[in-house]
Amino acid sequence: MDPTTDNAGNTGDPGDARATLEALRAEIAKAVVGQDPAVTGLVVALLCRGHVLLEGVPGVAKTLLVRALASALELDTKRVQFTPDLMPSDVTGSLVYDTRTAEFSFQPGPVFTNLLLADEINRTPPKTQSSLLEAMEERQVTVDGTPRPLPEPFLVAATQNPVEYEGTYPLPEAQLDRFLLKLTVPLPSRQDEIDVLTRHAEGFDPRDLRAAGVRPVAGPADLEAARAAVTKTAISPDITAYVVDLCRATRTSPSLTLGVSPRGATALLATSRAWAWLTGRDYVTPDDVKALALPTLRHRVQLRPEAEMEGVTADAVINAILTHVPVPR
């Protein structure tokens, strides 16, 4: 095999990178119906080396979406079902005593993979949730003082049920800030739901994606080529200032106790850049920033209790800020 060709048969040519990722989105659609914004969000996160939080009620294909992405990218993937009794070592790994050698050896946990599906992450206590912090930020795991690097690429796709559901724990602000995007996965429209049921009636099995026709269409080389192309997308000083003004406006909003941090501003700039490249441009516009503002910022702000009681949502506050902050010409 040509060493410049990955297992999916792609060369990693930057000129083909955008078309390859478009094919990736189409491949995922073979298994998941009517969730195009979530699919696009996952692709943006891959381009930005970020992590994704998927929120929705049970049964809207959050897990299937991540599994289809892993199959279409031909990446190693592992799944962890987060439960109230899950321990941090169950995620990161631990030292195991070997009776034959009378020594401790490290047994890697499921976090040592390319794409980690953290299913129902908010059903486990904060101590276990925080075990992912180092992995997400530093892309390594430290056990017994020894840092162990994680594979590249590495992405955490975590699903969570709405916090109003029984038996859920709110994610700590520090961990929420490590997620590049928070994507909401809504209930499907009537027609989409009919399409889902029709597929199942025709024999679709969500546990067998190969039988559903999902094939690897991209690999690590394509992803690296796409990431390199995204970094060449131009960002004008006006766009940078616009992103800063939006984020600073959240810090003075009367509806919020916590605004967007500089890390959040950096994230918005990165996701806007990736979206601009995906849509075929080599420069970022204010519309790109607006398109990614909600998924990039909604989990980085905290509502005042009185605003919550009045039914105000984070999305509504961000939309109001988008309306009032002057847009560069």
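The values are calculated or read from the model by the stated rules, or taken from the named source; none is laboratory data. Owing to the predicted nature of the structure, the values given are computational and were not obtained by experimental measurement. All Cβ positions, glycine included, derive from the backbone under ideal geometry; neighbour counts span all protein chains shown. Please note that ligands, DNA and RNA were not included when accessible areas were found on the heavy atoms of the full protein model with its side chains. Shrake-Rupley method; radii C 1.70, N 1.55, O 1.52, S 1.80 Å.
Our summary of shape: the Cα atoms of region 36-123 have principal axis extents of 53, 28, 20 Å, ordered from largest down, in whole angstrom. Across Glu310, Glu138, the residue with the most accessible area heads the list, and the full order at a 1.4 Å probe is Glu310, Glu138.
Two numbers describe the Cα atoms of region 82-161: Rg and Dmax, which are 13.3, 45 Å. Distance from the Cα centroid of region 157-221 to that of region 134-156 is 25 Å (rounded to whole angstrom). The listed peptides 61-71, 144-154, ordered by packing as a protection proxy, come out as 61-71, 144-154 (highest mean of other Cβ atoms within 10 Å first). Coupling constants for region 25-33 follow from the phi torsions by the Karplus curve (6.51 cos²θ - 1.76 cosθ + 1.60, θ = phi - 60°), and in residue order they are 4, 5, 5, 4, 5, 5, 9, 10, 9 Hz; glycine and proline get x. Kirkwood analysis of the Cα pair distances in region 175-261 returns a hydrodynamic radius of 18.4 Å. Assuming a viscosity of 1.306 mPa s and a temperature of 10 °C, what translational diffusion coefficient in µm² per second does Stokes-Einstein assign to region 159-217, Rh being the Kirkwood radius over Cα pairs? After rounding, the answer is 105 µm²/s. The figure for Arg25 is an accessible area of roughly 60 square angstrom, using a 1.4 Å probe on the protein chains alone. Measuring nothing but alpha carbons in region 105-257 and taking Rh as the Kirkwood radius, the Rg to Rh ratio lands at 1.02.
The orientation-averaged projection of the convex hull spanning the C-alpha atoms of region 282-329 amounts to 4.0 square nanometres. Ordered by 1.4 Å accessible area with all protein chains kept, Tyr283, Tyr169, Tyr242 run largest first as Tyr283, Tyr169, Tyr242. Within the full protein context, the accessible area of Asp90 is estimated at about 70 Å² for a probe radius of 1.4 Å. Overall dimensions of region 174-329, expressed as equivalent-ellipsoid semi-axes from the Cα gyration tensor (√(5λ), whole Å, largest first), are 33, 24, 14. Taking only DSSP H segments of four or more residues, each worth -39500 (n - 2.57), what value at 222 nm results for the chain once the sum is divided by all its residues, to the nearest 500 deg cm²/dmol? Calculated from helices alone, the mean residue ellipticity at 222 nm is -12500 deg cm²/dmol. Computing Rg and the Kirkwood Rh from the Cα coordinates of the chain gives a ratio, Rg/Rh, of 0.97. Among Lys232, Lys127, the sequence by solvent-accessible area, most first, with a 1.4 Å probe is Lys232, Lys127.
Averaging over all projection directions, the Cα-based convex hull of region 43-190 occupies 10.2 nm² in the image plane.
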